[in-house]
1. What about GLU116, is it among the charged types (D, E, K, R), surrounded by fewer than 17 Cβ atoms within 10 Å (Cβ to Cβ) and out of contact with any Pro (no Cβ under 8 Å at 6 or more places or on another chain)?
2. Out of all the residues in the range 395-420, which are open to solvent by less than 20 Å² (accessible area, probe 1.4 Å), at pLDDT 65 or above and touching a Ser or Thr at 6+ places or on another chain (Cβ under 8 Å)?
3. Test GLN124 against the stated conditions and say whether it is exposed (fewer than 14 other Cβ atoms within 10 Å of the Cβ), in contact (Cβ under 8 Å) with a residue 60 or more places away in the chain and not in a helix (DSSP H, G or I).
4. Do any residues in the range 165-182 that are closer than 11 Å to PRO430 by Cβ have Cβ atoms under 8 Å from those of residues that are among the small types (Gly, Ala, Ser) and part of a helix (DSSP H, G or I), where the two are at least six apart or on different chains, and which pairs are they?
5. Of the numbered conditions (1) at pLDDT below 85; (2) open to solvent by less than 70 Å² (accessible area, probe 1.4 Å); (3) in contact with a helix residue (DSSP H, G or I) (Cβ under 8 Å, 6 or more places away or on another chain), THR267 satisfies every one except a single condition; which is it?
6. With respect to the numbered conditions (1) crowded, with 17+ Cβ neighbours inside 10 Å; (2) under 26 Å from ALA409 (Cα atoms); (3) hydrophobic (A, V, I, L, M, F, W, C), which one is the sole condition not fulfilled by LEU238?
7. Going through the range 152-178 one residue at a time, which ones are more than 19 Å from LYS111 (Cα to Cα) and open to solvent by 20 Å² or more (accessible area, probe 1.4 Å)?
8. If only one of LYS107, LYS198 is of a type in the set (D, E, K, R) and open to solvent by 40 Å² or more (accessible area, probe 1.4 Å), which one is it?
Amino acid sequence: MTAAAAKPGMARLQLGMDDILRLLLRELWLMAIVFAVIFGIGAAVALSMHSTYTASASLLMQLSKDYVYDPLAGDAARGAIATTDEVVQSEVEILNSTELKKRVIEKVGLKTVLPETPAMWNPQTPAQKAQAEAAALKVLQGGFATSTAPQNKVVRLTFKHADAMSAALILNTMIDEYQLYRQQVLTDSVGPALQQQKDAFDRKLGEADSAYQNFLAQNGVGDFITAKATYTSLSQTLTTELFSVEAKLAEDRARLSGINRSLVSLTPEMSVERDLDLSVPNKIFTLKQKRQELLTRYLPTAQPVKDVDIEIAGYEAMMNGGQGVGEQAHKVGVNPIYQDLTTQKLNLEAEIASLEGRRSLLRSQADDVNGRLLDLQGLEAQYNSLTIERDALQKNVSTFTQRLQENEAQKEMTKGGSDGVRVVEKASLPDKPKSFKKIILIMSFLFAGFTALCVGGLRVVTRKGIVNADMAARALDLPVLATAGVKSADRPVRAA
């Protein structure tokens with residue numbers, strides 16, 4: 001006993017499998033009680049569970065306009081798109097939202113969701129309604145599940161319910177309500193903001209337009225740009241015309257000065273007709289004819305011929321002396337050059353007077369036009385400010401109007417469906433119920449057995465004593481000479 005007491009660990013190590021089994025059998029009642037308690041709890045849980053029907057469906061989540069960044073104003077980061085996983089996770093969050101489940105409950109009714117609790121089908125008080133809604137919401141939250149895979153656009157949906165028809169109906173209703181609800185979440189939130197901003201711009205545009213119209217009315221302008229262009233064109237035309245008139249006036253004055261100089265050297269009258277006395281040349285001619293006739297009868301030395309020659313010589317001497325031709329008659333008339341120059345002078349003086357009057361009028365008109373143009377140029381900065389503000393507001397109103405129309409068109413086109421989410425498979429009526437009773441019973445049995453065995457082993461290790469003399473001899477490696485105090489086989493034996 002001394003050696004055994006000194007080395008209890010070695011004594012335990014020398015126990016055989018049969019000895020361990022005997023020790024466990026000694027704790028049989030304890031292990032049975034532990035097994036019965038644990039297995040009983042598991043069996044009660046398994047038997048209390050109801051069979052459920054699982055309806056399944058699948059949705060295809062695609063990248064749509066909802067996930068392309070389109071700011072309400074400005075162009076910063078416009079066109080940025082979400083990844084496939086971000087799109088799927090966002091849509092799954094909408095699927096799992098409590099608001100969507102509340103809509104499904106309202107659509108299918110409490111009777112479909114809670115077929116086993118008729119008392120909650122027709123709640124009367126607000127408290128009963130809240131209790132029934134909470135119970136129905138708990139059923140939907142506990143029965144609905146989604147599953148996805150990375151970089152996969154397909155989302156699988158399942159819904160478990162005690163009634164097969166209710167499971168399929170609720171899941172299909174959830175898909176239909178989800179397609180409508182997601183449009184309200186993703187689109188309807190933009191519409192009111194766009195409308196509110198457009199209304200604000202409309203008010204500002206009305207104020208800017210009133211200020212613009214008042215500015216035009218106060219300055220007597222119907223169209224500022226047209227008025228400025230008109231006055232600019234008029235100013236250029238009047239200036240060009242004024243320069244032309246002044247050039248013409250200078251030209252006419254120079255011509256008038258030349259005509260005046262020419263008139264100084266001219267007389268108003270001039271000889272228009274002058275008759276000469278040609279009797280002497282005629283007599284000479286007649287005498288020469290007579291001489292020729294005499295020569296036909298006489299010799300040149302004959303006296304008749306000589307007389308004619310003497311007479312001819314007298315007349316020729318008179319001609320040579322300048323007395324043979326004299327002025328018989330002389331008529332005087334108006335000088336046509338003087339008269340023409342005088343007419344030109346009068347015309348030029350009249351034209352100069354006309355040009356001077358026209359120049360004076362053009363100068364007056366040019367002064368008025370230039371003054372008006374200067375006034376418009378002074379108002380141009382204020383006009384540009386009003387115009388820029390008005391045009392910017394008109395552009396913003398046009399932009400937001402277009403965005404609103406696009407938003408409404410998108411809502412109409414996606415009503416009852418969505419380009420971003422498509423139904424791959426709708427839920428059909430499940431034909432086989434699923435239950436975890438067998439699994440829970442098997443797991444309870446295994447867990448109860450394992451726990452009972454562990455409790456028995458722990459009891460063997462912590463409890464002192466040996467079952468019989470043979471075990472003592474094997475455990476202590478000493479001979480047993482005698483035993484005493486043995487009252488039953490189950491009581492420990494003390495070795496001597």
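The values are calculated or read from the model by the stated rules, or taken from the named source; none is laboratory data. All values derive from a computational prediction rather than experimental measurement. When we count neighbours, we look across all protein chains shown, and the Cβ atoms used for this are built from the backbone with ideal geometry, even at glycine. Calculation scope for accessible area: heavy atoms of the full protein, side chains included, ligands and nucleic acids excluded. Shrake-Rupley method; radii C 1.70, N 1.55, O 1.52, S 1.80 Å.
1. So GLU116 passes the test.
2. Those that are open to solvent by less than 20 Å² (accessible area, probe 1.4 Å), at pLDDT 65 or above and touching a Ser or Thr at 6+ places or on another chain (Cβ under 8 Å): ASN407, GLY420.
3. No: the conditions fail for GLN124.
4. These pairs meet every condition: ALA167/GLY143.
5. For THR267, the exception is condition (2).
6. (2)
7. Taking the range 152-178 first, the residues more than 19 Å from LYS111 (Cα to Cα) are 152-158, 175-176, 178.
Answer for the range 152-178, where residues must be more than 19 Å from LYS111 (Cα to Cα) and open to solvent by 20 Å² or more (accessible area, probe 1.4 Å): ASN152, LYS153, VAL154, ARG156, THR158, ASP176.
8. On the way: LYS198 fails: open to solvent by 40 Å² or more (accessible area, probe 1.4 Å).
Selected residue: LYS107, the only one of LYS107, LYS198 that is of a type in the set (D, E, K, R) and open to solvent by 40 Å² or more (accessible area, probe 1.4 Å).
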